[in-house]
Structure formats: C-alpha cells, structure tokens
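The values are calculated or read from the model by the stated rules, or taken from the named source; none is laboratory data. Predicted, not measured: the structure shown is a model, and the values here were computed from it. Virtual Cβ from ideal backbone geometry, glycine too; neighbours counted across all protein chains shown.
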C-alpha cells in the first residue's frame, strides 16, 4: 500500500489543530470530507490515529508516531517539486544554508573552482528552522550547529569551537579572563525554549526566555534580562560595548556540522560535502580570527 500524501497532509492539519473544524477551514474543505479522509487513512494504516470524545480530539500513540514521521516526508516531497522545477528551467543552482558566524566562503570557493557553471546562493538559518529548511528544500546543504533533530538528515561533523558566556557589560563577572560553570549557577538564562539545547545545567529555574537568533539574544543580555552563550566564531561578528564575552572552558564545545536531507542524493551536494570537509580547518580559522 502506498501512503496517500494528500491524506497525510490532512492528518497533519488535524494533528496540529486537534480540532476537525479548524483543520477543515485551514484546508478549505468541508469537515465531513476531512473526517472521511482521516477514517480512510486510519483504515489504510490499520491503526486509530485520534481519540474523539466530548472532551475533544487527542492523538493516539500511533498518531504521535505518524506526526513525527510526517514532517520530514512532506518536506521531502516539497523539495522534490522544487528541484524538478529548477531542472525544468535548465539551470543548476545550489543553496547553502549557514548559521551566524560560520563562514561559507572557503568551501564555496573550492566548490566553484570545480563547478564554475553552478550558481551558488547562501541562506541564513536559525536554530529552530535549520532542520526544516534542509528537509523542505529551501537550502540544499547547510552548516548547522548541534543539537539538531537529525531525523531525515545526513550530518557530517566538521569542527568544534569553544563556548563563551555573554554577560551585560555591567555584570560583576564581565571582563574576567575565564569563568567556571559554577560561577554562573542560578543566573537567568536567555536561551531557546527547549531545555535540551542549554549549554549549562545550572541556570535559574525560571530561565528559558525564547529567542531565535543571536541579535535577539544579545539585545536581551544587554538589557540585563539574563546571560547567554555563543560559539567563539559568533563573537568575532558581534562586538558591542554593552556586552562582555568570557570563556567557560569546562563547557562542552559547540559542534559545527554540514547537513543535507538524507533523500537528497546529488553529485553537486556530494561535491560540496567534500569541499566542506577539505576546507574545515580553514573555515574554523576564518570564524575565529
């Protein structure tokens, strides 16, 4: 049995809304039609995906598993459409994603010497969309920082870089040569909402101010709302008088990797992987000058 992608899109809409009426409005179809399609999908899979009662709609264990698997699958189909469209126009183009502070130039120059006829574009990514942009085809290959959800991706480690704590310039610890993690215990943390991404395990219990990019992070730190952490390469691109960067040697270093969708098998992507691996040391030096 082939999985019907239209039914899968309908399922994701209901799973995200947990409400058939709102999902039907989002999909611009009638609610009875949506209900029939979900029942048909459940029949195809031989598993109930939702529980429905007077309290509302909830995902079953099977439904949660399907939701986890559906994102990469649907993103992959969108990426296929995009690549076919590019190929139909007779053009060759490679889009390289990058995180703040990670130079693309060393690998790009090596790649372009091998492929002078390929247009190479770059696209900035943030921590919360780096995996999605690779899976949905907005970027073909990307420099990412761990942790990242590796589902549906192939990931190649390139190099590591030290983590530094970012403090308001007025903080008592600003300007120190280096700090221990214990020096920062109980400090409010300006970081991503996901606790698994936090470099230190000793923040203030109410920490976790949600930010996406380094610019937002530094604004909150400068305003005295907490401390944060960045890779050393990021500090070379973002210097300002109202913050202070201090090394914390005992923290695990940040891991920089190259990633692409596992389904994305192309000589161009493979050649960029090779160029990135060959220039990893140069890239690390450029990001830490």
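Some values worked out for this structure:
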quantity	calculated
Meets criteria (at pLDDT 90 or above and surrounded by 12 or more Cβ atoms within 10 Å (Cβ to Cβ)) for residue 18	yes
Wholly enclosed helices (runs of 4 or more DSSP H) of the range 1-60 bearing at least 2 residues more than 20 Å from residue 73 (Cβ to Cβ)	20-27, 31-45
Verdict on residue 67 being at positive phi, in contact with a strand residue (DSSP E or B) (Cβ under 9 Å, 6 or more places away or on another chain) and not assigned by TED's automatic domain parsing to the domain that holds residue 132	no
Test for residue 162: is it modelled with pLDDT under 90 and either crowded, with 18+ Cβ neighbours inside 10 Å or in contact with a helix residue (DSSP H, G or I) (Cβ under 8 Å, 6 or more places away or on another chain) (or both)	no
Residue count for the range 110-139, restricted to those that are without any contact (Cβ under 8 Å) to a residue 12 or more places away in the chain and assigned to a helix (DSSP H, G or I)	2
Residues that are crowded, with 18+ Cβ neighbours inside 10 Å and under 22 Å from the mean Cα position of the chain (by Cα), drawn from the range 243-267	251, 254, 256, 257, 258, 259, 260, 261, 264
Test result for residue 2, farther than 28 Å from residue 141 by Cα and exposed (fewer than 13 other Cβ atoms within 10 Å of the Cβ)	yes
When residues of the range 151-174 are limited to those that are assigned to a loop (DSSP other than H, G, I, E, B) and touching a residue at least 24 places away in the same chain (Cβ under 8 Å), the one farthest from residue 249 (Cα to Cα)	152
Unique match (being modelled with pLDDT of 85 or more, loosely packed, with under 13 Cβ neighbours inside 10 Å and in contact with a helix residue (DSSP H, G or I) (Cβ under 9 Å, 6 or more places away or on another chain)) among 99, 52	52
All positions within the range 223-236 that are without any contact (Cβ under 8 Å) to a residue 60 or more places away in the chain and surrounded by fewer than 19 Cβ atoms within 10 Å (Cβ to Cβ)	223, 224, 225
Failed item in (1) assigned to a loop (DSSP other than H, G, I, E, B); (2) closer than 20 Å to residue 284 by Cβ, with residue 177 passing the rest	(2)
Test: residue in the range 236-257 that is more than 17 Å from residue 148 (Cβ to Cβ), touching a strand residue (DSSP E or B) at 6+ places or on another chain (Cβ under 9 Å) and assigned to a helix (DSSP H, G or I)	no
